[in-house]
Amino acid sequence: MLKHILLVMLALVVAACGGVEEPSSSSSSSSSSSSSSGSSGNLSKTGQELYFDKGLIAPDSLSCADCHAPDGSGVINFAEVPLTECRNCDTLEDMVDYISRTMPRGSPSSCIGECAEKTGEFIFRTILGRDPDAVVDCNSVPPVASSPRRLNKMEIANAFNDVFGAGYDALANGLSDTAEISFGSITTIGSQQVATTEFVRKLLDAGVAAAEEVISAGVISADTNQQAVNRLLPYARLMFRRDLNNEEIAELTQKVQDGAQGFDATAGLKSGILYLITSAEFLFVVPEAPITSERRLTGRELAERLALTLWRSIPDSNLLDDAENGTLDNDSGLNTVVNRMMSDNKFSRMLEDFPDQWLALRALGGNVSPTDGINAQEWELLRKDFRTETSMLVQNVIENNKPYNEMFTADYTFLNQRLASFYGIPSNASNNNNFVMTNYPADSARIGILSHASTLSARSDGEDAPIAFRGDTMMGFSCEDSVPPELPEAIEENRALNTWVEKLAARKANALCDDCHRTLDPAGWAFSVFDHMGRDATVDPDGNPTIVPTGTIFDQAFDGPREFVNILMDEGAFDFCMAQYFLTYSLGRITDYRENDARCAIDSAQAQSKNGAGEVLMKDYIQALMTSKAFTRTALSN
């Protein structure tokens, strides 16, 4: 992962400094004279000499520069990413650790101790141009440009229904959500797309049906065309998030007249509603004012961002008033508004939708082949139960402002009768429609959302739950992406082994494999007490009746899921990941904790939302993110 990090910032620095020169021939020749320089530390060589050392592994072997290039722009490496774009090189300490464990490729641990320290510092200072002692001044970190985007399916249906009080079903059922998702499971990213021909066609059909629902429900009526226009204008203000200008009023009037021609004012109303729902002013979120330099979002821009995040909709009349009267122009007013919005019934949409997207609950268990008499129909019902269980736990933590870690350490869950029976856990649930909070039995291995069937079945394949795949799901909550090296021979050799115990041992013995599997395999093995569907397992992955879910993670021994999770919490392994996803969800653009704008927002939000025990409170955490510079400011886009 460090290798990944080294590559991010090199190119700009090298271009500015004129490149990194290779040491003189005398230095180079002395470098190649010893094949033990790495393991011994070779105190006589500088970091620059070690970077260009062709004798690090063996005489005339490749040097760091041969793969990464003298200036770090090379991509002759397994990740195919230049050193200048390394995204995990946050600190010099991380870099030195990575070099010690994995470099050079083909002979890891050949450069340890002072060799790794000197080489890492040379890369960090000279190639990346970074000061290991520098502290980022978050006040000077520029914001990232706001992303214009189209409302997605849910937002369109919610917004229309909030404005007219009808029409949700027509839009939710009539609009396609294909191509909405483009970053993991976060739909606000995919909706940056333009309005395609297919989208417009479905919107027109669904819009007609929604307009008919509004008129049939008696929400609005008119006897004349002018009356229709006058009665539509208050709704139009909400749809456009502002008052219509004279040109737009004239266009609305024309649409009403065209629709009424040969029919009546009711047909004109329908035409006017269709004009509103298909207008760019409704469908797209774009900057209200020109962005010529860094600035705070305008009141209307903030109102849109708040409503789309907390309500999955557009601003209501009160929020538009707040935008127009300056309430949102300062953090104090913004906090007041956010508190009010979180108390609104529409906040329940975010409480349900964000866990659904963050945890990709829509797709869970799709590749599982149910066993033990569970048929396909019953499995589909259980999959819905899995989704509800996890969503309700996350909702409970957010809504009740509980500690963030409780999502992962909760000794309770939410079960209906069917899911309680599936887990074999006693519950007070009286039917399959009623989910109730249920404590785990004292002898249960379950703990938090990692032990939910939604998580456990996410990467199962048929009747199998591959250890690494399940481990990747668990460690995915850390947002630490890993780029596996291309090792076809090692992979085939590992597949040929007979048992999982042998496979895990072989991976651990191969430093290149262990670079990724050192966290994935322990995570997968810790949860091997559960089968591919998420129930308590009766045998281990090798078919042995005695399950021994032990191992080490972060150099600490664990026995079972509970000890494993508690180690992760103590290490802060999942501290920033949810917030990273929340910023992506709320800003409509990809965010990354390794980038300063997101890091500053998340670190500050954590500090603001801690209670006296040092626990990050979930609802306060989200509110602090929404008053951060990343959320409230924008900059000139490239």
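Values computed for the structure shown
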| quantity | calculated |
| --- | --- |
| In segment 254-287, the residues that are farther than 23 Å from Ala307 by Cα, surrounded by fewer than 18 Cβ atoms within 10 Å (Cβ to Cβ) and hydroxyl-bearing (Ser, Thr, Tyr) | Thr266 |
| Residue in segment 441-450 that is in contact with a helix residue (DSSP H, G or I) (Cβ under 7 Å, 6 or more places away or on another chain) and small (Gly, Ala, Ser) present | yes |
| Any hit, segment 372-381, residues being buried (at least 22 other Cβ atoms within 10 Å of the Cβ) and either under 21 Å from Thr187 (Cα atoms) or touching a Pro at 6+ places or on another chain (Cβ under 7 Å) (or both) | no |
| Qualifying residue in segment 176-198 (condition: in a loop (DSSP other than H, G, I, E, B) and at pLDDT 85 or above) | no |
| Flag if Trp358 is aromatic (Phe, Trp, Tyr) and more than 30 Å from Asn439 (Cβ to Cβ) | no |
| Where Ile374 falls short, out of the listed (1) touching a residue at least 60 places away in the same chain (Cβ under 8 Å); (2) among the β-branched types (Val, Ile, Thr); (3) in a helix (DSSP H, G or I) | (3) |
| Any pair with Cβ under 9 angstrom, 6 or more apart, that starts in segment 519-545 at a residue that is under 18 Å from Asp372 (Cβ atoms) and aromatic (Phe, Trp, Tyr) and ends at one that is open to solvent by 20 Å² or more (accessible area, probe 1.4 Å) and at pLDDT below 90 | Phe530/Ala465 |
| Residue tally, condition touching a Lys or Arg at 6+ places or on another chain (Cβ under 9 Å) and part of a helix (DSSP H, G or I), over segment 356-371 | 3 |
| Leading residue by the ranking (farthest from Arg535 (Cα to Cα)) among those in segment 549-566 that are hydrophobic (A, V, I, L, M, F, W, C) and touching a helix residue (DSSP H, G or I) at 6+ places or on another chain (Cβ under 7 Å) | Phe554 |
| Condition check for Leu232: over 18 Å from Phe284 (Cα atoms), in contact with a helix residue (DSSP H, G or I) (Cβ under 9 Å, 6 or more places away or on another chain) and in a helix (DSSP H, G or I) | yes |
| Residue ranges of helices (runs of 4 or more DSSP H) in segment 405-483 with at least 1 members open to solvent by 40 Å² or more (accessible area, probe 1.4 Å) | 406-409, 417-423, 467-475 |
| Candidates Ala557, Ala526, Ala537, Ala573, filtered to the one that is modelled with pLDDT of 90 or more, of a type in the set (A, V, I, L, M) and under 17 Å from Asp472 (Cβ atoms) | Ala526 |
| Single unsatisfied condition, Gly262 versus (1) over 27 Å from Lys153 (Cα atoms); (2) assigned to a helix (DSSP H, G or I); (3) small (Gly, Ala, Ser) | (2) |
| Where Val394 falls short, out of the listed (1) within 28 Å of Asp411 (Cα to Cα); (2) in a helix (DSSP H, G or I); (3) free of Cβ contacts under 8 Å to residues at least 40 places away in the same chain; (4) not hydroxyl-bearing (Ser, Thr, Tyr) | (3) |
| Unique match (being more than 15 Å from Val529 (Cα to Cα), in contact (Cβ under 8 Å) with a residue 24 or more places away in the chain and of a type outside the set (Asp, Glu)) among Asn433, Asn416 | Asn416 |
| Options Leu252, Leu269, Leu238: the member that is modelled with pLDDT of 95 or more, within 23 Å of Ala289 (Cα to Cα) and in a helix (DSSP H, G or I) | Leu238 |
| Residue tally, condition within 30 Å of the chain's Cα centre (by Cα) and not in a loop (DSSP other than H, G, I, E, B), over segment 506-549 | 20 |
| Residues (touching a helix residue (DSSP H, G or I) at 6+ places or on another chain (Cβ under 8 Å) and either open to solvent by 60 Å² or more (accessible area, probe 1.4 Å) or modelled with pLDDT under 80 (or both)) located in segment 113-124 | Glu117, Glu121 |
| Set Pro108, Pro142, Pro132: member being at pLDDT 85 or above, out of contact with any Cys (no Cβ under 8 Å at 6 or more places or on another chain), outside any helix (DSSP H, G or I) and open to solvent by 20 Å² or more (accessible area, probe 1.4 Å) | Pro142 |
| All positions within segment 236-253 that are open to solvent by 50 Å² or more (accessible area, probe 1.4 Å) and in contact with a Phe, Trp or Tyr (Cβ under 9 Å, 6 or more places away or on another chain) | Glu251 |
| Ile127, sole failed condition from (1) within 24 Å of the chain's Cα centre (by Cα); (2) at pLDDT below 90; (3) among the β-branched types (Val, Ile, Thr) | (1) |
| Residue that is farthest from Tyr404 (Cα to Cα) [pool: residues in segment 577-616 that are open to solvent by 30 Å² or more (accessible area, probe 1.4 Å) and among the hydrophobic types (A, V, I, L, M, F, W, C)] | Ile590 |
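The values are calculated or read from the model by the stated rules, or taken from the named source; none is laboratory data. Keep in mind the model is a prediction, meaning the values are calculated, not measured. Cβ atoms come from the backbone with ideal geometry, glycine included; neighbour counts cover every protein chain shown. Just so you know, the surface numbers come from the protein's heavy atoms only, side chains and all, with ligands and any DNA or RNA stripped out. Shrake-Rupley method; radii C 1.70, N 1.55, O 1.52, S 1.80 Å.
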